[in-house]
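The values are calculated or read from the model by the stated rules, or taken from the named source; none is laboratory data. Quick caveat: nothing in here was measured; it's all calculated off a predicted structure. Positions of Cβ are backbone-derived with ideal geometry, glycine not excepted, and every protein chain shown enters the neighbour counts.
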Amino acid sequence: MDATIKTHFTDKGSAASNRPSLLWRPSTSTKTGLMSWLTTVDHKRIGFLYGVFALFFFLVGGVEALLIRLQLAVPNNDVLTAQQYNTMFTMHGTTMIFLAVMPLSAAFFNYIMPLQIGARDVAFPRLNAFSLWTFVVGAIILNIGWFMKDGAPDGGWVGYSPLTSKQFNADHSIDMWVMGLQLLGVASIAASLNFIVTIINMRAPGMTMMRLPVFVWMTLVTAFLIVLSFPAITIALVEVMMDRLFGTNFFEVSHGGMPILWQHLFWVFGHPEVYILILPAMGIISEILPCFSRKPLYGYPIVVFSGACIGFLGFAVWSHHMFTTGMGKVATAAFSLATMCIAVPTGVKIFNWIGTLWAGHLKMRTPMMFALGFIWMFMIGGFSGVMHSAAPADAQQQDSYFVIAHFHYVLIGGSIFALLAGIHYWFPLMFGRMVNEFWGKVSFWVIFAGFNITFFPLHFVGLNGMPRRTFTYDSNLGWNAPNQIATIGAFILATGIGIYFTLMIYTYFKGQKVGRDHWDGRTLEWSIPNPPPEYNFKVIPQVHARDAFWYEKHHQAEIAAEKAASEKAESEHGGIHMPFSSIWPLMCSVGLLVGAIGVSVLNHDPREGFWGVKIATALVGGVILFFSAYMWALEGNEGYHLHPEEDDGHGHGAKQAHH
Amino acid sequence: MHSILSSRTSRPVISLLALGSLLLLSGCDLNFWKMTGHQTTMVTAGPVAKSQLDLFYVTCWVTLVIFILVGSVLAYATFKFKARSDADEHAEPPPQSHGNPLVEMSLIAASVLSLVIIAIPTLKGIWYTHDVPEAQAANAYNINATGYQWWFKFEYPAEKLDNGMLLSTGNELVIPAGRPVRIQIRTTDVIHSFWVPKLAGKVDMIPNRGNFLWLQADEGGYFWGQCAEYCGDSHAVMRFRVIALAPMEFAAWVANQKGPARGVVAATGATAGARPQLANFKKNEYGFTAKWAEDATVSPLQNWQDQQKAPASEDTVLIAEGKNLFWNKSCIGCHTVRGMTGRMAATGDAAIPAMGVAGPDLTHVGARTSIAAGLLENTPAQLARWIAHPDQVKPGNKMYVTGYQGMGIKISDPEAVAIAAFLSSLK
């Protein structure tokens, strides 16, 4: 596919340049300043912003976790009140899942995926900006309660009905939780549709589906999971919102509502969500292991197939979160067996990762350390997952600290390890600087030790009968030592994370500069200069094999001739097409923010006469949203063309031609 | 510098870390891995919990074996194929092999087989733990358990009282040992979960949904239980106990429970002893005394049996004052004390019974070992503390929110001491 065909821009002196734009669109030629960031449609800048926001919330969620561990350090502690503690675990879960791990994955989808398929941007750059800003808006709504009398949400991250009803939780914290998640759903679905279209339509010529890097495959599967699973929670959240605002009857027990319905809807979303959190991590690991083993991924087709298989099976096991709700023998048995089935494709991935290492030249750099740590930790988390699949045994484990240990092994030992590996791995590409190996390894070992000291003892305290979500416990139940150890471990883990991020910030400003392809990479993102120019690829590459860049490096003469020919062709078509920036995606999100404040934050107690302000605010938000969407449509999709002369790594040689 | 994990520079860091953690941990009791606590799932006292534990061990052994096998290969591959020098790293790349379908298919087959080893006992377990086995169904003893924010009510359908109500207790469920017990579980507000780990795994109490579970205590014993589904502010302190008694003992207990409250009458002319002061508890001081410790010499069941006995001497005047306050402070609005009547200043001379049902039945509360839903040890001092300052003991509890605050009830410290003396006398 030739990128020039994708644009309906005509070249020099065409009608487009003579016809004045209906609306002004800022050009990306201004590369600095606040406005350039607010109006950006560049997938790399959007990915970077996703990463920055996600890491900020990762720290917020981490502080919440430390407060939880402080409270549990000794029995009958009173660092936090019961309500504060309940708020902490609710927000810790919600923050880590929706505001840290998911957007951090989205940061990689945005930044890396288009580079890996040889594209110059995602399919819908403005929609991409809208996803980013809507995510930010959702995060604001979720956290606004910290600064209000009502406080932040405290219904648990699963928000089980009827605890979220007006009767049992009268203040606005739950409204904000509902609205915040709703907006995050909008952001995630919009972003995922974008990724799906991008992966299907914008692959470089020759990049067939079975040549896609595994990270791109996992992006695709994750995007489908998001698009298919978020509607379930959207519906459930709408129902809760209507129950709370308009007194409807979905979960309202006194009028025959069914709280169990919430659990089904939530987990039909919630279980695929687990794979939404782990599949991107598996994708990253499947990139890092081959690179540092200097070998292709072992059994690529079966790794891809098992990833897709996990995606499908992920929709068939939601009720294993509900083994204790009295589903009856047959349903319990069915979900038990379906859950065991998921262990097979997951096991396949682990076998193939080990196969990748086998007979390779393993370069033990920090990303590789995190990747190997991932395999070990994910195995432990996976095996405790198999234990949960045996429903009668799970009746003892459900809602105990054993489950806490299990999913932190999967989410920290799994997702977070992989994401940290990914940041380290792609840092030289994104910023052109190399992270110090010594301090990288120190951060790995401190994180690894702290993580295991924190979470391994929790297996024992869980089997010893300690339930989760408890702000206090008694001293005579044998739970003291493991809790104390876990708290010490949490602070070691926090130290490790601190070292890691200090190192990254230092490297961003002062790290040693490196040339392109720092790791001897195998995929296309390493073929471009660092930091990547705004147009990514001076010439859209031709792909001849899986591990496309590895192939290029070993067939240099053939590729050079091919590139020269494509460059000539593209230049004749008017050069590289770049879209103008746009403020309207941000304005649409602002509309959503104002509307959400009207719906969820403002008081609607009729005695105080606030209905007027509340409705007015919601309507103003709606008007901003629709006006901005209208302007978005009207401003047209104009852009400009670039003619990069020299590939000096910074795009400085590019000459711009505005149209 | 950027070489392998055993680089000269990172080794001291690791050693320091390990040493530091060891020092920090040396203060802890490291026996926790034995998992023998009062509320453990790993030491069982009945067939349901045992079948669940047996299944857990199956999953544990199967996964452990796989972990060791896969882990060894992973560890071997890591050390065997590690590049040991710069030259290694820059050598000609290894053969670019893409996989071996035969190896992959065999590994898939092996995983499926090992899952079958888990699946078969899982299915057996699901059928066994679901309901009382048919052969024993006729012998099953029935209980109704209801969850409230934040306490448990237990009713005995087989034990009708004179007034037509069912015998009911709060937070301490007494069952016959050696026979299956089938518990219907309900909730009146949010979702709770009934969990006594030594006897059976948990089942949720869900609004508008009838659930049940069965369990059996093989021998007499005293078991810790706790709500296992987050249910609001005081979820962590929604606890309960199950006491299993041998058949004869159980029958005697039922007979006593069905009887009216134990009235202690102050002899005419008796004088009050020195009124105990309300003990000064710290806000977070919940712990049970040493006799409830994990390694105490006296068994918890013995403690429970001791609690059934009336004390040798009682301050009858203080008890009478407490009884009077129990009526006049409107405690009877929410609590039942069967077989007693009293007078309220507000209603004049009429003798009225204590028939409130919003809170636990207190007819024999003095014989329970814990109060405030398993949170505090049932001593007169803790009772007085609970009555005087419920808000400081249990966050958000309804006695305080709807009773004290909602109805404007005020109880002074000396009054609380008297009410506590009265309640303690109700054996």
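Descriptive notes on the structure:
- Here B:VAL132 does not fit the description of being part of a helix (DSSP H, G or I) and either surrounded by 13 or more Cβ atoms within 10 Å (Cβ to Cβ) or modelled with pLDDT under 95 (or both).
- Qualifying position, being away from chain A (no Cβ under 14 Å), closer than 22 Å to B:ILE387 by Cβ and at pLDDT 85 or above, among B:LEU301, B:LEU318, B:LEU245: B:LEU318
- Looking only at region A:346-365, and only at residues there that are among the β-branched types (Val, Ile, Thr) and more than 7 Å from chain B (Cβ to nearest Cβ), the one that is farthest from B:GLN96 (Cα to Cα): A:THR346
- If you check B:ILE185, B:ILE206 for being farther than 20 Å from B:ASN139 by Cβ, more than 16 Å from the chain's Cα centre (by Cα) and not polar (S, T, N, Q), only one passes: B:ILE206.
- The combined condition, being in a helix (DSSP H, G or I) and either in contact with a helix residue (DSSP H, G or I) (Cβ under 6 Å, 6 or more places away or on another chain) or acidic (Asp, Glu) (or both), is fulfilled by A:THR134.
- Residue check for B:ASN144: in a loop (DSSP other than H, G, I, E, B) and polar (S, T, N, Q): no
- Residue count for region B:32-78 satisfying the condition of being out of contact with any Leu (no Cβ under 9 Å at 6 or more places or on another chain) and either assigned to a helix (DSSP H, G or I) or of a type in the set (Lys, Arg) (or both): 27.
For (1) at pLDDT 95 or above; (2) within 18 Å of A:GLY382 (Cα to Cα), each residue gets a yes or a no:
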{"site": "A:GLU287", "(1), (2)": "yes, no"}
{"site": "A:PRO290", "(1), (2)": "yes, no"}
{"site": "A:LYS295", "(1), (2)": "no, no"}
{"site": "A:ALA331", "(1), (2)": "yes, no"}
{"site": "A:SER336", "(1), (2)": "yes, yes"}
{"site": "A:GLY360", "(1), (2)": "no, no"}
{"site": "A:LYS363", "(1), (2)": "no, no"}
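- Hits in region A:421-479 (condition: closer than 15 Å to B:GLY37 by Cα and either under 26 Å from the mean Cα position of the chain (by Cα) or more than 9 Å from every other protein chain (Cβ to nearest Cβ) (or both)): A:LEU458, A:HIS459
- Matching residues, region B:95-106, being in a helix (DSSP H, G or I), within 21 Å of A:MET210 (Cβ to Cβ) and more than 7 Å from chain A (Cβ to nearest Cβ): B:PRO101, B:LEU102, B:VAL103, B:MET105
- Matching residues, region B:395-425, being within 14 Å of another protein chain (Cβ to nearest Cβ) and of a type in the set (Lys, Arg): B:LYS398
- Identity of the residue in region A:385-414, more than 9 Å from chain B (Cβ to nearest Cβ) and of a type in the set (Phe, Trp, Tyr), that ends up nearest to A:THR472 (Cα to Cα): A:TYR401
- Beta carbons closer than 7 Å, at least 6 apart along the sequence or on distinct chains, pair a first residue in region B:75-102 that is farther than 13 Å from A:PRO290 by Cα with a second that is among the acidic types (Asp, Glu) for B:ALA83/B:GLU89.
- Residues that are in contact (Cβ under 8 Å) with a residue 40 or more places away in the chain and either aromatic (Phe, Trp, Tyr) or surrounded by 24 or more Cβ atoms within 10 Å (Cβ to Cβ) (or both), drawn from region A:203-220: A:MET207, A:LEU212, A:PRO213, A:VAL214, A:PHE215, A:VAL216, A:TRP217, A:MET218, A:THR219
- Enumeration of residues in region A:306-328 that are without any contact (Cβ under 8 Å) to a residue 24 or more places away in the chain and assigned to a helix (DSSP H, G or I): A:PHE312
- Set A:ILE200, A:ILE260, A:ILE189, A:ILE235: member being surrounded by fewer than 22 Cβ atoms within 10 Å (Cβ to Cβ) and farther than 24 Å from A:THR90 by Cα: A:ILE200
- Helices (runs of 4 or more DSSP H) wholly inside region A:521-636 containing at least 2 residues that are of a type in the set (Val, Ile, Thr) and more than 26 Å from the chain's Cα centre (by Cα): A:611-634
- Residues of region B:116-129 classified as crowded, with 20+ Cβ neighbours inside 10 Å and either outside the structural domain of B:ALA200 (by TED's automatic domain parsing) or among the aliphatic types (A, V, I, L, M) (or both), total: 2
- Test for A:TRP376: is it surrounded by fewer than 22 Cβ atoms within 10 Å (Cβ to Cβ), touching a residue at least 60 places away in the same chain (Cβ under 8 Å), within 13 Å of chain B (Cβ to nearest Cβ) and assigned to a helix (DSSP H, G or I): no
Let's see how each residue does on (1) modelled with pLDDT of 90 or more; (2) buried (at least 21 other Cβ atoms within 10 Å of the Cβ):
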position	(1), (2)
A:LEU524	yes, yes
A:ILE528	yes, yes
A:PRO585	yes, yes
A:VAL594	yes, no
A:GLY609	no, no
A:ALA618	yes, no
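- Hey, A:ASN110 polar (S, T, N, Q), within 20 Å of A:ALA490 (Cα to Cα) and buried (at least 24 other Cβ atoms within 10 Å of the Cβ) or not: no
- Verdict on A:THR454 being under 19 Å from A:ILE68 (Cβ atoms), part of a helix (DSSP H, G or I), modelled with pLDDT of 95 or more and not acidic (Asp, Glu): yes
- Top-ranked residue of region B:81-94 - restricted to ones that are of a type outside the set (Lys, Arg) and more than 7 Å from every other protein chain (Cβ to nearest Cβ), ranked as surrounded by the most Cβ atoms within 10 Å (Cβ to Cβ): B:HIS90
- Looking across region B:368-387, just one residue is out of contact with any strand residue (DSSP E or B) (no Cβ under 7 Å at 6 or more places or on another chain) and either among the polar types (S, T, N, Q) or closer than 12 Å to B:TRP304 by Cα (or both), and that is B:THR379.
- Matching residues, region B:384-414, being of a type outside the set (A, V, I, L, M, F, W, C) and in contact with a Lys or Arg (Cβ under 7 Å, 6 or more places away or on another chain): B:GLN392, B:PRO414
- Annotation: of all residues in region A:49-92 being assigned to a helix (DSSP H, G or I) and of a type in the set (D, E, K, R), the one that is farthest from the other protein chains (Cβ to nearest Cβ) is A:GLU64.
- Condition check for B:ILE332: in a helix (DSSP H, G or I) and in contact with a Gly (Cβ under 9 Å, 6 or more places away or on another chain): yes
- Of all residues in region A:465-484, at least one satisfies being at negative phi, in contact with a Leu (Cβ under 7 Å, 6 or more places away or on another chain), small (Gly, Ala, Ser) and surrounded by fewer than 24 Cβ atoms within 10 Å (Cβ to Cβ).
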